[in-house]
Each structure stands twice: as C-alpha cells, then as structure tokens.
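Novice: A single structure is presented below for examination.
Throughout, read-outs are computed from the coordinates displayed, never taken from laboratory work. Please read these numbers as outputs of a predicted model, since none were measured by experiment. No Cβ is skipped: glycine too gets one built from the backbone with ideal geometry, and neighbour counts run over all protein chains shown.
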Amino acid sequence: MKRISKKAIALTMAGALALAACGGDDGGTDAPSTEAPSTEAPTTDAPTDTEAPADTEAPAAEAWAVNTDDCVDPDAANAPIEGSIKIGSAMPLSGGVAATAFAPVKDGFEAYVQWANENKILGDVTIEVQIEDDQYNKDLTPGAVEKLLDSGAHVFSGIIGSPNNAAVRDLLNEECYPQLLALTGSPEWGKAEEYPWTTGILIPYTVEARAYAALIKSQFPDGANVGVFVVNNEFGQVYAEAFKEIAPEFGITIVDEQTIEATDSAPPTAQVNSIASNAPDAILAVPLGAGCATFLGEVANAKAANAGWDPQVFITATCASSLILDLAGPAADGLYTSNNLVDVLDPETAAIPAIAEYIAFMEGLGKGDIVTTAGAGWHTAEMTVAILKQALESPEGLTRASIINAARNFDQVGTLTREGVRMKMNGLTDQFIAESLQVVQYDADTRLFTDIGELITDFES
Amino acid sequence: MWKIKEGSPQHWALRLVGVAVIFIAVIWVPTQMSTSRVGQFSDAFVLIVAAMSLNLVLGFTGMISIGHSAFFGLGGYTAAILIKDHGWSPGYTFYAAAAVAFVAGCVIALPALRIKGIYLALVTLAVAVLFPVLVKWKKLVWLTDGAKGIDSVRYDDLPVWPIIGELKGRDGRAVFAYWLAFVVLVITYLVCRGIVKSRFGRSLVAIRDNETAAAVMGVNVTAAKVLVFGISASLCATAGVLSTLRTGVITPEGQYVTLLGSIVFLLIMVVGGAGTLWGPIVGGLVYVWLDNTTRGFGSESDGFIGFLFGWADQSPATLILGVALVLIMFLAPYGLVGLFKRLWVKAVVVIPRPAGTPVAVQMAAETVAGDLR
Amino acid sequence: MERFFQYVFDGLSFGAIYALLALGLVVVYRGTGHLNFAQGEMAMFCTFLTWQYDAWGVPFVIAVLLGMISGFVMGAGTEVSLIRNVAKKSEAGVFVVSIALFLGLNSLAAMLWGNLPPEQMPSLFPDEPGDFARIFGAVWRYEYMGILLVALILMGLLFLLFSRTKFGLAMRSVASNPESARLVGIPTGVVLASSWGIAGAMGALAGTMFGATTGELTAGLMFTIFIYASAAATLGGFDSPGGAVIAGLAIGVGEQLAAGYAPGWIGQELRLGVALVIIFVVLLFKPSGLFGSVKVQRV
C-alpha cells in the first residue's frame, strides 16, 4: 500500500524520526523541515485571513507529494477541477442519539460553504456540498460514499466516526479521493504512509490525555492518585489506554478505573461511589454527550457524602461547552477541560469581528440557537475550503492530488481557532492538523472558561 | 382468471418467464446500474441472508429469536480475527465462521427446548445484548481488540475475472461485493429450500403448528430444534462475514452486531412474509430501498420534505420509515409475499396435481374427466 | 460492611426504575398477551412532554399528572388505532408495529427536542447533593428512596387491581380468550385499550422520575432501561406484578454486588451481562419465570 514516491520518502527520511517524537516524549524540538511559517501573525480577524499565499510557496523545496501511480485512474486524480467543486460527507443525521449530537455539525458545515460561496473565497469556483446520512452505522457508510462518488463528489471531508471513516478508507485511498479532516480524534488518522489520502481534524486523544497528565503533575509534584472514568467505546478505550501508558511518566497512580456504556443513560452512581471510596486526588473523566452533566452531578453527590474529599476533575474536550456544563449547575464549577477553538458564548469572544460575523451569519439562517454545537462543522468546512484554496493557488491548479498535497503542507488559522493555535500539517513529519490546545477551567457562576497556563503547542512538529 | 395445471406447458412457461426475469435482473444490476445501486443491492443481499437464516427458525419452526445479531457478529469477528491475526485467505473464513456459529447456535438452542413464546423472545434478546458486551470484555480484549474493533480487514488482491476484468477501485469493489453476496445468497436460498421441502422441513413445520402433536407423531423435537438453530446460526454468520469484508471494519458498536441488527432482520422477514422462501428476499430489497430513500431526505433541506419537516431539529428519516412499516403491516399483514400471493391467485390459479399420482396417470385421468365434462 | 450496604442501596435505586417500567410490560402482557417494544420509547416521549409542560410554566406536580394522562392517551390510542387492527390478523404484525412505534417516537422526540438548549429535569423528590440518608455508613439518596416507594405503591395498586376488581378479572379473561370474554359481555375493547393506557401512564411516571436522576433528557433515555425492565419482567414472570418488582430489585442489587466485589472480572462493563446470565439460568429451571403462571398446552 505504499503510494508515496520514493523521492518523497527519501526527502523525509529524517522526518520519520520527528514523527516518532511527535507521538512520543517531547516532540517538536527536532523537526528537521523548518518550513517557513506564515509571515502572518496568527490573528483571528476575519475568515478572509486564510488567504495567505505566502504559506504555500516556502516549503516547496521538500514538500510532501502524493504518488498517483497506483491510483485506479491516475489521470482523473490529476485532472483539473473547474467551474465547481463538490465536497461530500457522511454524518449521522437520523436514528439515535448520535444524530442529535451531530446534526448541528451538518448545519455548521453547510453554513460555512454558503458563506464561502457568497464571499467568493475560491474566486469563480463554486463549492457544492452534499452530506449523506449514514446513521453512525459503519455498514451504511460505504453506500453513502458510493452515492456521493456517483453524484460527482471530488473530495470528502468531515466524515464522522472512527469505524465509519475506516470503512471507506481503503476505497478512497485506492480511488485516490482526498478523505480530509475526519471528525474523530483517533490516532488512526495519522498514517500517511499507509493511507496518504486520509487525514483527521480533531486533536488526537493521546495528545489531550498527555496535556492533562502534565497539568496533574504540576499540581501534585509528589505524585497523584487518579481515578479514571471512561465511556466504554472506542473513544473511551483509546483515551484510557493513552492515559494509562503515560501515567507513570508523570508520577500518576491510577487507583480506580470505571466505565459506563455509551447507550446507558442511567447516572453512574455506583461508578462514582467506587472512585470516591478510593479518594483520589484527581479524576480523569471521558464521558459522552449527555453523560457529561450526569457524571458531574454524581461527583457533586459523592462529594457531599464524603466530607473532605474534593478532587480535581479533568474532563474531555467533548464536554467543553457551556451549554453542556450549564446543565450540571454548580457541580461543574472548577473543572478542567481543554479546547483549541474559542467559546463563542463568551461575550468578549463574540465581540471579535470575525466571530460576530459567524454568529450573525448563523442567526441569519435561523440557526442562532446552535452556534456552539455547529462550530465544529463551520470550522471543518472552513479548513476544507482553505485547503482547496491553497490547492487552487498551487502550480498544479485544483486537482484531487493537489488538494491532498495542500492538506499535508498546510499551516493556517481559522475563524474559530484560539489565538495562537495553528492548524498545520507537514508531510510525514506532522500528520495531525490539530495538536495545540489550551487547558481551561470552568466557572459555573459566569459560565465562562478561564485559561490555565500557556497554550500547549509542544506536540506540534 | 386463468387456470393452469401444475406441470402443464403453460405452467412451465410461466416458471421460465419468472426465472428469465430474475436472471436478467441479476446480470443487469452490476453491468448497467450505477456503483451506488450495485452497492445497495449487495447491502440488501447481506441483510437478506441474515433474514433468511432467521426465517428458518422463526418462520418455519416457530421459535422466535431476537438474538441473530450475535451470530452475525460472531461470523464477522471470526472472519476479521482469522484474516488479520492468522493471515487466512478471506474466502475460507466463510466456512470457519459457519462452523463456529453452528456450535454456538446449537448451544444457545438448548434453553429453547424448554422456554417458549415471550420468554424465548427475551432470552434471545439477552443473547443479542450480551454479544457486544462480551466482545468489549477486558478479559477478551486480546482476541477482539475491545471497543476499538478490528479494522483494515480486506481482500488485498481482488481477483481478476476473465469477463469482468480486474476488480479494483470502486466499481470493481462494488461489483465484487455484489457477486460475492449473490453467491452466498443463492447458497443460503438453496439450503433453506432444501430443508423446507425435505422431510426434516415438514417436521419443523409440524413443530411450529403444534409441538406436542408433532412429538406424538414421532418427530424428534429436541434434535430438530437444535439442528435447525445451528444451521440458522451458521447461515447468519456468513452474512456477518460479508458485512465485514464489505466495510473492512468490525466493532462491537456496529448496528447489525447489536440488538438493532436483530430487529432489522426481524423487520425484513416479517415485512417480506414469514414462513415463505421468497419473503426475506422481497422484504430485504424493500427495506433497503425504503431505508436509503428515507435517509436521503436528511440531505434535502428544500422541496416537499423540507416544507413538511423544516421545523425539525433532525432528519425525519426514521419517522417516515416507521410510518411506512405501519402502512405495510396494514396493507399486508402477512407480509408482501403474502399480499402478492393473494393478488396472484385472483389472476392465475395453478391446480396442483393430486399427491402421489404419477404424472401419466394424472394426465390420463384429467383427459377423461375433461371428456366427461 | 459499609461497602456491602452501598452496593445494595445502589442496586435498589436502579432496580426500582427497572421495576417501574417492568410493571408496565406486565400490565400490557396480562391485558393483551403482547410484548410492547415501544414501552420505553413511549415513556421517554411522555417524559419530554412532562418537561415541556413544566417549561411552559405548569406547576411540576400538575405537569407530571398531565404527562401521565398523555401517557394514558398515547397508550390507549396506540392500541385502538394501530395494534388492534393488526393483532387480529398476525402476531408478527404487532411486533413490526411496536418496532415502528419505537423508531418513530425516538425520531419524533429528537426532531422536536433535539436542539433545545437542554435543561434540568426537575425532581419530585429532594435531589440536592446533600439530600441523602446515611444507613450503616452507606449513602442512600432520598430521590432513590422515593422512586422505590413509588414502585412498591404501584405494585400494590396493580395487585389490588388484578385480584380485587372486576376490571382485573376482565383483563384476565380477555387475555386468555378474547372471543369467549366478548360472548359473556365483557367490553373487550375497553379492557385492551385501558391496559395499554395504564402501562403508558406508568411509563410516563417512571420516565419522569428517572429523567430527574440523569439531569439531561435525550431520545436514548429509556433504551437500556427497557432492556433491564424486560429482563425483570422475564425473570419475575410476565404476568406477575409482584414478580416484576422483586425481580427488578434483585437484578439491580445482584449486578451491583457482582460488579463491586469482582471488579477485575466483571466490573461495571459486564454488569448487564450478569443480569442476563442469571435470567438464562433461572429460565432453564423455571421456564415461566420465578412467579409466572405456567400455561398448559392441549393437543
């Protein structure tokens, strides 16, 4: 399955070492390809900031390039796309709780594409988007993708779910269609040698787990006892494995590990009671959706029953929305979580012109109520279009190959990214677009997050 | 109304037309239709195989099972583990999966010997719920990879077929999946048909209609029930292998591996017509068509659907599917095949030849009878 | 010992919720001989309705009553308009219709309330973090005590209904032989519709109380609970309200003890498995559940 040209491999041999560093100790220090970073300050003024043509030229010398020789139809992969480009995606739009959680992502995605067309981000090229419903069922994803291919999609972006992306990964790599920005945080989406056409957008769980471990160490320099509470699915399992692996490194002893089924809506009373009976210094929690508030409520109950026990609570970024945390009321006060996007409900943030424009645009579409949850969709679409723009401006023009090349040599900021966070990928050296994150603490009274420490960019290479 | 006699030339001609139509349709789909249609047909075939296997147990023997998703998953996992961990060629995993599921099916059938009706429904439901729980069990993670599941299970080198050419890329993959599923479907159909038309099949129907009476008449109820459950489980497992090979992924959260899978298989069987050989086939095609059509509404924000459901926070797909299922049950309480048969007898009546009469004698008798009339 | 009691209390808390929904299944089964797969989703939908009434400003207790009335209307309406017509023709049809209801109600709830800024479901009982009693060193929250109390009261009422009233007698005769029941002048239709109605109202109450413990309502609220509830009804015997409650509580306590005392082998992730294996074993010896009546089949 090696599809990268030998030249590219030779050029990035040294890069492979950095890749190891990327997932390992203290990545980022020895990245050999010091590609000229954007000359532009990472501001979040307006979405039009993403036009930074300077970005694309600098790394040209040793830029990663995809090899299209093994494609089913190499000519098609290099054929120019003119007039309009179609982005396809598969998301859960119906059937079950996943749809409720993710339906706003579709709205945000489509809203950005509409905005981009109105503002002519790709010049004369119109962007079309078609999102099929796979009900979060990996058995339906191939059918959805085949339907999109038949209807002329050029590029796929933002497919939700790890198994769903894995189910079409072979097909899209064989056909040489870019499968951009998979909306899952699995470390699977950083395998450019095996799957050059597939990339992710979320911060890998491994990176997030490491950030929390580092913060726990700084709070408990003499070592900490930690209770782990995870949802019993792919997300929770990968997260917990990552945390357990690095725990000794940070002087963390895991005293209890409890799980909850993803479909189980019952409060985790017994799980939290069990954790409480071990009285850990901190809890690392990886609940899902509605489970976030339910878990926090149980922690509050357990604290009331165990006087004197007041653990630090670290909760995964999927819960980092004041909409979700507000449900838990005072129980959410003081917890730690993380994010690489801004909180649009923060009035200060909402006043930033670009973000105000986003909110106004969503309100104009009658979707003002979902500005937070739709943000992930907007952000994904914005990054997709930024990749397309970079491809359009490349010497090859807009082709499927130039799109994936642009994606893997990418360094930009988005409207909704935090200040200082750069969305960047660099060939085999840096295969994850998002590895910077900010640990934040929630204040239940003001319903706002405050930054804790510096923005963590150590994991970028 | 058109009356024809069984075995008469007209009857044979009618059968021939039927076979020809099916034959042309089966060739037409992969050669003339778009990739996504081909894909939908192979998805339908997978579900049809599962529903057929369930029909054998529920439709013909009268033992309800809401646990067939477990056999589906067992087959899928057997294939995934053998291919990924043991380097098996995918083709052989069908046999292995069928064998494993046969044993599991026979074991699970043991309680079914004593438990009946609603209690059996719930016991098999427990099996369906238990399967993903066991797959995720920490003591089995070494084998199943837990909640993560197993991915990149693939046909590495799709075969080169003399007529169709190299099966690569999306067309090749879809066409390959189609033919693979079709072959499994035909084998499953033949197995079911063979059982149903045999002495064993008649004893199954006797058990369904009145178990005590069947036992009195000398049917070995225990052996028949255990055997049919085992066969059904192994057929369902081959459907699971097909599903794993199509997506290359199997996880304990996959819908067909969980309780929802059992429910889908049951829906297909009942909608098509329980206790008929063609029921699951018709039901599967209708279900997949309905499911794809209704899910398509989710990506439409304008048009009639948009006008009707513009207020909704989420796609109306499942609601419309539910309404459609209720309508089908009102129009065709015995399934679509039952409805078709009822309409068909209004047009054509096939007069069966009297049982046990040799053809020649019968034809002679009929000529005589005709003369007398 | 404190640990033991903690597991028992945790188990009783959840067991009471399983028991409540199981009671609804028993009522439908006793009245009509069907298993209603949509029982959990009906309860979920009515819980959202209760929440909606409350959000419109109706006092919470009234909102709960309105929710129960909605549940009764929904249950009886379903029986009259859908189930009855299909049940005459095919038993399998009832299954399809109840699955269709399951899918439809789930979808409709998500369509109506999916994007609402979610809000806390209020509780009928005190549910602040400090509202608990300490018994033998273990914690038992007032909220869960309340749910258990409601489950026991409802069990008693149903027992009286089944054994002491004409209606209960009518239910039994309709379930065993609808034809002869009609011949002796029992209003079969009313009996069938009201069994579904009673189950719907009880589901609404169960959902409302359970929703308050979770904090957030989703369309998936009752999915797992329904599985537990049908397990409880199976274990207790599908026609015995007392059996449903006892089995529900036993399953709750049993799974907590197993998960708590064998965290390495069982733990929380295999909790459900323990419950199901127990049923499996019990049914092998008592095919009609612990307290169910055995039906004699004639040739």
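Novice: What is the average number of partner chain Cβ atoms found within 10 Å of a Cβ in C:222-235?
Specialist: Mean shielding count: 4.
Novice: Looking only at other chains, what is the average number of their beta-carbon atoms within 10 angstrom of each beta-carbon in C:209-218?
Specialist: Neighbouring Cβ atoms belonging to other protein chains average 6 per residue here.
Novice: If you average the alpha carbon positions of the stretch A:386-461 and of the stretch C:136-156, how far apart do those two centres end up, in angstrom?
Specialist: Here the answer is 51 Å between Cα centres.
Novice: Please work out the Cα center distance from the stretch B:68-88 to the stretch A:313-330, rounded to the nearest Å.
Specialist: When both Cα centres are located, 39 Å separates them.
Novice: Taking amide H positions as placed in the peptide plane 1.01 Å from N, state which residues far from residue C:135 in sequence (5 or more) or on other chains have amide H under 5 Å from it.
Specialist: Correct list: C:140.
Novice: Once the convex hull of the C-alpha atoms of chain A is built, how many Å³ does it hold per residue, rounded to a whole number?
Specialist: Hull volume over Cα atoms, normalised by residue count, gives 131 Å³.
Novice: Of B:268, B:231, B:81, which has the largest mean-square fluctuation in a 10 Å C-alpha GNM of chain B?
Specialist: Evaluated over chain B, the most mobile residue of the options is B:81.
Novice: If you don't mind, another one. Please give me the summed charge of the neighbours of residue C:6: other residues whose Cβ is under 13 Å from its Cβ, Lys and Arg +1, Asp and Glu -1.
Specialist: +1
Novice: Express the relative contact order of chain B as a whole percentage, based on alpha carbon pairs under 8 Å and six or more residues apart in sequence.
Specialist: The normalised contact order for chain B reaches 30 percent.
Novice: If you don't mind, there's one more thing I want to ask. In whole percent, what relative contact order does chain C give with Cα contacts below 8 Å and a gap of six or more residues?
Specialist: 37 percent
Novice: Additional query: Of the listed peptides A:115-123, B:304-312, A:409-417, what is their order by residue-averaged count of other C-beta atoms within 10 Å, with the highest listed first?
Specialist: A:409-417, A:115-123, B:304-312
Novice: In percent, how large is the relative contact order of the stretch C:1-139, given Cα pairs closer than 8 Å and 6 or more residues apart?
Specialist: Relative contact order comes out at 34 percent.
Novice: Sorted from fewest to most neighbouring beta carbons within 10 Å, what does the list B:329, B:52 look like?
Specialist: B:329, B:52
Novice: Counting only DSSP beta bridges with both residues in the protein assembly as shown, what percent are antiparallel, rounded to the nearest 5?
Specialist: Bridges in the protein assembly as shown are about 40 percent antiparallel.
Novice: Any idea what the dipole of the stretch B:198-304 comes to, in debye rounded to 20, about its Cα centre with Lys/Arg Cβ at +1 and Asp/Glu Cβ at -1?
Specialist: Roughly 500 debye, rounded to the nearest 20.
Novice: In debye, nearest 20: dipole of the protein assembly as shown around its Cα centre with unit charges on the Cβ of K, R (+) and D, E (-)?
Specialist: 7840 debye
Novice: Now for a separate question. Within 10 Å of each Cβ of B:209-215, how many other protein chain Cβ atoms are there on average?
Specialist: Mean number of neighbouring Cβ atoms from other chains: 2.
Novice: Cut-off 16 Å, label point 7 angstrom out along Cα-to-Cβ of residue B:113: give me the residues of the stretch B:196-229 whose amide nitrogen falls inside.
Specialist: B:212, B:215-216, B:219-229
Novice: Rank B:11, B:315, B:101 by how far each Cα sits towards the positive end of the charge dipole of chain B (+1 on Lys, Arg Cβ; -1 on Asp, Glu Cβ) and give me just the farthest.
Specialist: Ranked along the dipole, the leading option is B:11.
Novice: Here's a follow-up. Given chain B reduced to its alpha-carbon atoms as identical point scatterers, what log10 I(q)/I(0) does the Debye formula return at q = 0.07, 0.08, 0.09, 0.12 Å⁻¹?
Specialist: The Debye formula, applied to the Cα set alone, gives -0.36, -0.47, -0.59, -1.01.
Novice: In what sequence do C:95, C:285, A:109 fall when counting other Cβ within 10 Å, fewest first?
Specialist: Starting with the residue having the fewest Cβ neighbours, the order is C:285, C:95, A:109.
Novice: Now a separate question. Order by neighbour count: C:51, B:88, fewest other Cβ atoms within 10 Å first, most last.
Specialist: With the sparsest Cβ surroundings first, the list reads B:88, C:51.
Novice: If you find the alpha carbon centre of the stretch C:12-49 and of the stretch C:213-239, how far apart are they in angstrom?
Specialist: The two parts, judged by their Cα centres, are 7 Å apart.
Novice: What ranking do A:201-208, B:15-22 get when scored by the average of other Cβ atoms within 10 Å per residue, highest first?
Specialist: Sorting A:201-208, B:15-22 by mean packing, highest first, produces A:201-208, B:15-22.
Novice: A further question on this structure: With the Cα gyration tensor of chain C giving a ≥ b ≥ c as the square roots of its eigenvalues, does the rule (a/c under 1.5 for rounded; else a/b larger than b/c for prolate; else oblate) give rounded, prolate or oblate?
Specialist: oblate
Novice: In addition: Cα atoms only: what Rg and Dmax, in Å, come out for the protein assembly as shown?
Specialist: Here Rg and the maximum Cα pair distance are 30.4, 109 Å.
Novice: Hey, another quick one. Could you list which residues have their amide H under 5 Å from that of residue A:132, counting only those 5 or more apart in sequence or on another chain, with H placed in the peptide plane?
Specialist: Those lying under 5 Å, H to H, from residue A:132 are A:89, A:90, A:91.
Novice: Would the stretch B:234-304 count as rounded, prolate or oblate if I go by the C-alpha gyration tensor, calling it rounded below 1.5 in a/c and otherwise prolate when a/b exceeds b/c, oblate otherwise?
Specialist: Taking the square roots of the gyration eigenvalues as a ≥ b ≥ c, the stretch B:234-304 is oblate.
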